[in-house]
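What follows is a single structure, written as structure tokens, with notes after it.
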Amino acid sequence: QVQLVESGGGLVQPGGSLRLSCRTSESIFSIYIMGWYRQAPGKQRELVARITRAGSTTYADSVEGRFTISRDNAKNTADLQMNSLKPEDTAVYYCNGDTLGNDYWGQGTKVTVSS
């Protein structure tokens, strides 16, 4: 059972930056795809960004050019650097690990973008 623990959420003003981090309980190398999802109040959970073990990345159109996902196999972490934040980025952000056989989720970290 892989456990994922997110950190780094908080309150930030529009235009600001935050860095989210997801730490895995087992070697991140065993997780084929690491992803960040978000869920805003009253909306469905949506993919923000994901990165494969080989480093291939995918981004939602709404965050392309502003967010960057990365993974560090030595530290067992997957980070999401978020720049130029907008109020519509406000949501609970969840880390996801896909081993191609099982799907694991973190508990979520709240990001609020407001002046």
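The values are calculated or read from the model by the stated rules, or taken from the named source; none is laboratory data. A quick note: this is a predicted structure, and the numbers were derived from the prediction, not measured. With ideal geometry, Cβ positions are generated from the backbone for all residues, glycine too; neighbour counts draw on all protein chains shown. Heavy atoms of the whole protein, side chains included, go into the accessibility calculation; ligands, DNA and RNA do not. Shrake-Rupley method; radii C 1.70, N 1.55, O 1.52, S 1.80 Å.
Summary table
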read-out	value
The listed residue being crowded, with 21+ Cβ neighbours inside 10 Å and either at pLDDT below 95 or assigned to a strand (DSSP E or B) (or both), out of 54, 49	49
Unmet requirement for residue 22, which otherwise passes all of (1) open to solvent by 50 Å² or more (accessible area, probe 1.4 Å); (2) not in a loop (DSSP other than H, G, I, E, B)	(1)
Test for residue 29: is it over 13 Å from residue 110 (Cα atoms), open to solvent by less than 20 Å² (accessible area, probe 1.4 Å) and not aliphatic (A, V, I, L, M)	no
Selection status of residue 47, free of Cβ contacts under 8 Å to residues at least 24 places away in the same chain and touching a strand residue (DSSP E or B) at 6+ places or on another chain (Cβ under 6 Å)	yes
Unique residue being more than 12 Å from the chain's Cα centre (by Cα) and polar (S, T, N, Q) when the list is 39, 44	44
Odd one out for residue 102 among (1) open to solvent by 60 Å² or more (accessible area, probe 1.4 Å); (2) modelled with pLDDT of 95 or more	(2)
Candidates 91, 78, 40 - the one that is among the aliphatic types (A, V, I, L, M) and within 20 Å of residue 2 (Cβ to Cβ)	78
Any chance residue 41 is open to solvent by 40 Å² or more (accessible area, probe 1.4 Å), under 27 Å from residue 13 (Cβ atoms) and at pLDDT below 95	yes
Count of the range 2-11 residues which are open to solvent by 20 Å² or more (accessible area, probe 1.4 Å) and either part of a strand (DSSP E or B) or without any contact (Cβ under 8 Å) to a residue 40 or more places away in the chain (or both)	4
Tally of residues being among the charged types (D, E, K, R) and over 12 Å from the mean Cα position of the chain (by Cα) across the range 16-36	1
The range 59-109, subset charged (D, E, K, R) and in contact with an Asp or Glu (Cβ under 9 Å, 6 or more places away or on another chain), residue farthest from residue 17 (Cα to Cα)	72
Qualifying residue in the range 35-46 (condition: among the aliphatic types (A, V, I, L, M) and closer than 17 Å to residue 98 by Cβ)	no
Residue in the range 58-99 that is most open to solvent (accessible area, probe 1.4 Å), counting only those that are under 18 Å from residue 46 (Cβ atoms) and of a type in the set (Gly, Ala, Ser)	65
